[in-house]
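Report on the following structure.
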Amino acid sequence: LLLRSKFMASERTKRRVWRSSGAGKISNLQLEEDMLEAAAPGFARIRVHSCGLNFADCFAILGLYSATPTGSFIPGLEFAGVIESISSADHDNSSSFAVGDRVMGVTRFGGYATHLNADVRYLRPLPSDWTFDEGAAFLCQGLTAWYGLVELGNIQKGQSVLVHSGAGGTGRFALSIAQKFGAKAATTVGSTTKVSFVTSHSELTESDVLVRRGSVIFETQTQQWLRENQREGFDIVFDSLMGDYFWPGYASLARGGRLIVYGAGSFMGDTGNRPNYLKLGWHYLKRPKMDPLEMIAENKSLMCFNLIWLYDKFDQMNEILNRMMSMEWEKPPVGHVYPFDHAIEALRFFQTGQNVGKVVLQCT
């Protein structure tokens, strides 16, 4: 009865966290113990079982993310765990949850922790047949794919979609959305070793998976795919890379097509402990520059987003989350699991781009 009661008094509790003394390099991360304050009204204390890694974590830790908190901070944007206590508020949906519930959630930093206080508006029940690792592999990347393709891209049945990095978390969810909406998809991967992963987790064939080998070959690959599938061009290009793949992707759009950009993965590469500022500076100078008048003539659109800047729009984000959760989702593929104490090792592996599926830290 105690475990299933709606609300329990929340007290301070000892926890372990990965804290960066300041953005700039991975070695600034230190494993520490601190005291978590009682949950404020509208928040729930979560005993975290798993937390998911995202590219935004790497960018924040390396000081390349404009949303990174100043000074000391705890990285991490998503988690799954068990509610230990809830502090109710009139404006929230805390009555939807009870102590002992298995949940998954998102947070604006602070996810690399064994306990955290989470806004209940950003919690969702963990499906009964999902593990905590799978729960920590879903919301951030699933929401990114949904917002980009559905909310912005207005994906429709019969349209053609190109998704970059289809073996990664967001790319995998984007392919699932394309399939559910009846769109025809192609995707890119960074190496031949990832082709079989994509085809085994989607309806794509090997001819739909384009192995990136440079922008010139990529342009040839996309044109060949479009010819073979009798398409004028892609209705949506979902771009997490930018760099040398931006312009070929834009050129491959059909009339009325949308290039949707949500990342710049090619800017990073395997940066190691700290950013390569010379390389980043060169990428910055070469960044794409668009002429709106030419875009009008070509009848193409460019849309860019970063969901962390919408985090405070609770009503809007809750509606989007609810629409996303109404779709039937398969279990997220978890490719690599590390103990919580090995977060730096996990981040360094994540930087290499060798992962397929989600990289997760297990807290228990």
| field | Loop-located chymotrypsin sites (Phe, Trp or Tyr not before Pro) in the stretch 84-168 whose Cβ has at most 15 other Cβ within 10 Å (DSSP) | value | none
| task | Kindly write out, for the stretch 242-252 in residue order, the coupling ³J(HN,Hα) from the Karplus curve 6.51 cos²θ - 1.76 cosθ + 1.60 (θ = phi - 60°), rounded to whole Hz, with x marking Gly and Pro. | result | 6, x, 5, 9, 5, 5, x, x, 5, 5, 7
| Out of the stretch 315-345, which GluC sites (Glu not before Pro) are coil in DSSP terms and have no more than 16 other C-beta atoms within 10 Å? | Glu328, Glu330
| query | Any idea what the dipole of the stretch 261-354 comes to, in debye rounded to 20, about its Cα centre with Lys/Arg Cβ at +1 and Asp/Glu Cβ at -1? | reply | 420
| note | Taking Rh as the Kirkwood radius computed over alpha-carbon pairs of the chain and applying Stokes-Einstein at 20 °C with viscosity 1.002 mPa s, one gets a diffusion coefficient in µm² s⁻¹ of 101
| Bin by bin, in steps of 5 Å, what percent of the Cα pairs in the stretch 136-222 do you find, going until the bin that has the longest distance? | 3, 16, 26, 23, 19, 10, 2, 0
| said: Can you compute the helix-only [θ] at 222 nm over the chain? Use -39500 (n - 2.57) per DSSP H run of at least 4 residues, normalise by all residues, nearest 500 deg cm²/dmol. | reply: -7500 deg cm²/dmol
| Setting aside same-chain residues fewer than 8 positions from Lys184, which aspartates and glutamates have a Cα under 15 Å from its Cα? | Glu203, Glu206, Asp208, Glu228, Glu232, Asp235
| remark: Cross-link reach from Lys14 to lysines, straight Cα distance under 30 Å and at least 8 residues apart if same chain, gives Lys6, Lys25, Lys358
| query | Given the Cα atoms of the stretch 153-199, and with Rh set as the inverse mean 1/r over their pairs in the Kirkwood sense, what is Rg to Rh to two decimals? | reply | 0.98
| Given a 1.4 Å probe, how much area per residue of the stretch 275-350 is accessible, in Å²? | 65
| said: Under a Cβ-only charge scheme (Lys and Arg +1, Asp and Glu -1), can you give me the dipole magnitude of the chain about the Cα centre, in debye to the nearest 20? | reply: 360
| said: Connecting C-alpha atoms closer than 10 Å in a GNM of the chain, tell me which of Ser50, Ser252, Ser128 has the biggest fluctuation. | reply: Ser128
| task | Give the distance, in whole Å, between the Cα centre of the stretch 20-36 and the Cα centre of the stretch 131-195. | result | 32
| request: Keeping the other protein chains in place, figure out the carbon and sulfur percent of the accessible area of the chain, with a 1.4 Å probe. | output: 52
| message | From the P(r) of the stretch 245-358, could you give the percentage of C-alpha pairs in the tail past 19 Å? | response | 69
| message | Taking loop as defined by DSSP and a crowding limit of 13 other beta carbons within 10 Å, which GluC sites (Glu not before Pro) in the stretch 148-244 fit? | response | Glu203, Glu232
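The values are calculated or read from the model by the stated rules, or taken from the named source; none is laboratory data. Every value quoted in this text rests on a predicted model; they were computed, and no experiment measured them. Quick reminder, even Gly has a Cβ in these numbers, built from the backbone with ideal geometry, and neighbours come from all protein chains shown. Remember, those area values only see protein heavy atoms, side chains included, never the ligands or the DNA or RNA. Shrake-Rupley method; radii C 1.70, N 1.55, O 1.52, S 1.80 Å.
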